[in-house]
1. How much length, in nm to one decimal, is gained on full extension between Leu27 and Leu111, taken as 0.36 nm per residue of separation minus their Cα-Cα distance?
2. Quick check: residue separation of Met66 and Ala35 times 0.36 nm, minus the Cα distance between them. What number comes out in nm?
3. Convert each backbone phi in the range 107-121 into a coupling constant with the Karplus relation 6.51 cos²θ - 1.76 cosθ + 1.60 (shift: θ = phi - 60°), then list the ³J(HN,Hα) values in order as whole Hz, x for Gly and Pro.
4. Starting at the first residue of the range 73-85, write each ³J(HN,Hα) from the Karplus equation 6.51 cos²θ - 1.76 cosθ + 1.60 with θ = phi - 60°, in whole Hz, x for Gly and Pro.
5. Using only the alpha carbon atoms of the range 31-75, find the Kirkwood hydrodynamic radius as the inverse mean reciprocal pair distance, in angstroms to one decimal.
6. Give the lysines reachable from Lys96 as a straight Cα distance under 20 Å; neighbours fewer than 8 places away on the same chain don't count.
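What follows draws every value from the coordinates through simple rules; no lab data is involved. The structure displayed is predicted, hence computed values, not measured ones.
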Amino acid sequence: MFVWLVTTLTVSLVFGCTGHGAVDDMLDAENKLLADNLATKVSRLKSLAYDIDKEAEDQNMYLDGMDSNFLSATGLLTGSVKRFSTMVRSSRDNRKILCYVSVGLVVTFFLLYYLVSRIQS
């Protein structure tokens, strides 16, 4: 209230406005200025809310895609585990093949790891 009074008196003294109509005009101009500032802020908030909504929709679509990818990976892993279990439960010849394949995969992994680490350094 004090700031309004000081503003009113300052404008009255500067412009020489001492009448009641001049104060109303000054208050009307100040209200229009404040309304314009408020409209600008509301516009910025509306834009920000729209951007947040768009980002949330994009993230939801991304997460839905990840969910379907994980489901398909789960299906593949389940099938692989079933085949592995069947192979382990079968005859002795399959166990030898399983052992050779497992050792081969471990050796291949370490060989690739070594080569990649040499290339990077």
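1. Extra length from Leu27 to Leu111 when fully extended: 22.1 nm.
2. 6.5 nm
3. Going residue by residue, I get 5, 4, 4, 5, 5, 5, 4, 4, 5, 5, 5, 5, 5, 6, 9 Hz, with x marking Gly and Pro.
4. Once rounded to whole Hz, the list reads 5, 4, x, 5, 5, 4, x, 5, 5, 5, 5, 4, 4.
5. Taking the inverse mean of 1/r over all distinct Cα pairs, the range 31-75 comes out at 13.2 Å.
6. Lys82
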